[in-house]
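A short worksheet on the structure shown next.
The values are calculated or read from the model by the stated rules, or taken from the named source; none is laboratory data. Only a predicted model underlies this, so the values are computations on that prediction, with no experimental measurement involved. Note that we place each Cβ from the backbone using ideal geometry, even for glycine, and neighbour counts take in every protein chain shown. All accessible areas refer to the heavy atoms of the entire protein, side chains included, with ligands and DNA or RNA removed. Shrake-Rupley method; radii C 1.70, N 1.55, O 1.52, S 1.80 Å.
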Amino acid sequence: MHFLSEDLEKYIDNNSELEPELLQELTRETHLKVIQPRMITGHYQGRVLSLLSKIISPLTILEIGTYTGYSALCLAEGLGPNGCLHTIDVNEELHDIQRQYFDRSSYGDSIIQHTGNAIEIIPKISEVFDLVFIDAEKKSYDAYFEVVMTKVKPGSIILSDNVLWSGKVVEPLKRSDKATEALLKYNQKLKDDPRVETVILPVRDGLTLSRVL
């Protein structure tokens with residue numbers, strides 16, 4: 001679902017920071033070679049992630065859901081000196097394309113890839129994270145959030161993607177639609193959770209920004 005007209009979306013793109021050439025190449029290759037290319041972050045949201053990361057200047061970033069690596073590269077643009085980004089994806093078939101573009105960027109040495117179940121991997125990572133981006137299996141968002149809360153500190157920022165879910169969050173809920181049901185519960189949870197303060201940003205498919213208290 002497009003929440004804005006196509007003309008307005010083009011206007012926003014044209015009046016925001018330019019998309020880096022490397023990310024343009026990654027977008028093209030993703031559309032040519034990878035299933036469900038619409039999952040890629042894209043120009044506008046990528047620049048939002050980049051700018052948020054630059055404002056926060058994190059030393060440690062955690063990403064849950066790498067896909068082909070676009071969002072990881074955007075988030076890495078804000079890494080502080082000697083910072084690191086851990087990114088986790090369940091699909092090992094995407095590992096090589098991720099690594100190819102990570103290594104072509106200036107952040108390759110700072111990006112650590114993990115393949116497997118994020119809920120099992122995160123407790124084994126020693127870092128406490130300044131910035132977290134959750135963009136994986138929607139039915140597991142609550143579980144991701146809870147394990148992430150053991151790896152953050154006051155002032156850490158947690159971003160959650162796709163929280164408007166193509167507008168389904170305001171449509172009658174179908175009994176079989178477990179992803180939308182999970183997101184409805186997750187959105188309400190973050191609003192009510194005393195451990196964080198939260199706003200939903202109408203960026204692309206909805207981006208929640210939560211600050212750990």
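For the stretch 157-178, filtering for residues that are assigned to a loop (DSSP other than H, G, I, E, B) and loosely packed, with under 15 Cβ neighbours inside 10 Å leaves 6. Being open to solvent by less than 40 Å² (accessible area, probe 1.4 Å) and over 28 Å from Ala143 (Cα atoms) is a property that holds for Glu29.
Under the condition of being open to solvent by less than 10 Å² (accessible area, probe 1.4 Å) and in a strand (DSSP E or B), the residues counted in the stretch 130-143 number 4. The single condition among (1) open to solvent by less than 10 Å² (accessible area, probe 1.4 Å); (2) in contact with a strand residue (DSSP E or B) (Cβ under 8 Å, 6 or more places away or on another chain) that Pro154 does not satisfy is (1). Summed over the stretch 84-103, residues that are within 14 Å of Ile122 (Cβ to Cβ), among the β-branched types (Val, Ile, Thr) and either in contact with a Leu (Cβ under 7 Å, 6 or more places away or on another chain) or surrounded by fewer than 22 Cβ atoms within 10 Å (Cβ to Cβ) (or both) total 1. When Glu146, Glu181, Glu171 are screened for being under 18 Å from the mean Cα position of the chain (by Cα) and farther than 26 Å from Asp13 by Cα, only Glu146 passes. Against the numbered list (1) part of a loop (DSSP other than H, G, I, E, B); (2) over 22 Å from Asp205 (Cα atoms), His114 comes up short only at (1). Comparison of Glu181, Glu120, Glu127, Glu146 shows that the only residue that is in a loop (DSSP other than H, G, I, E, B), open to solvent by 40 Å² or more (accessible area, probe 1.4 Å) and modelled with pLDDT of 95 or more is Glu127. Would you mind finding the one in Asp193, Asp161, Asp109, Asp103 that is without any contact (Cβ under 8 Å) to a residue 24 or more places away in the chain, under 20 Å from Ile40 (Cβ atoms), out of contact with any Pro (no Cβ under 8 Å at 6 or more places or on another chain) and acidic (Asp, Glu)? Among Asp193, Asp161, Asp109, Asp103, only Asp103 is without any contact (Cβ under 8 Å) to a residue 24 or more places away in the chain, under 20 Å from Ile40 (Cβ atoms), out of contact with any Pro (no Cβ under 8 Å at 6 or more places or on another chain) and acidic (Asp, Glu).
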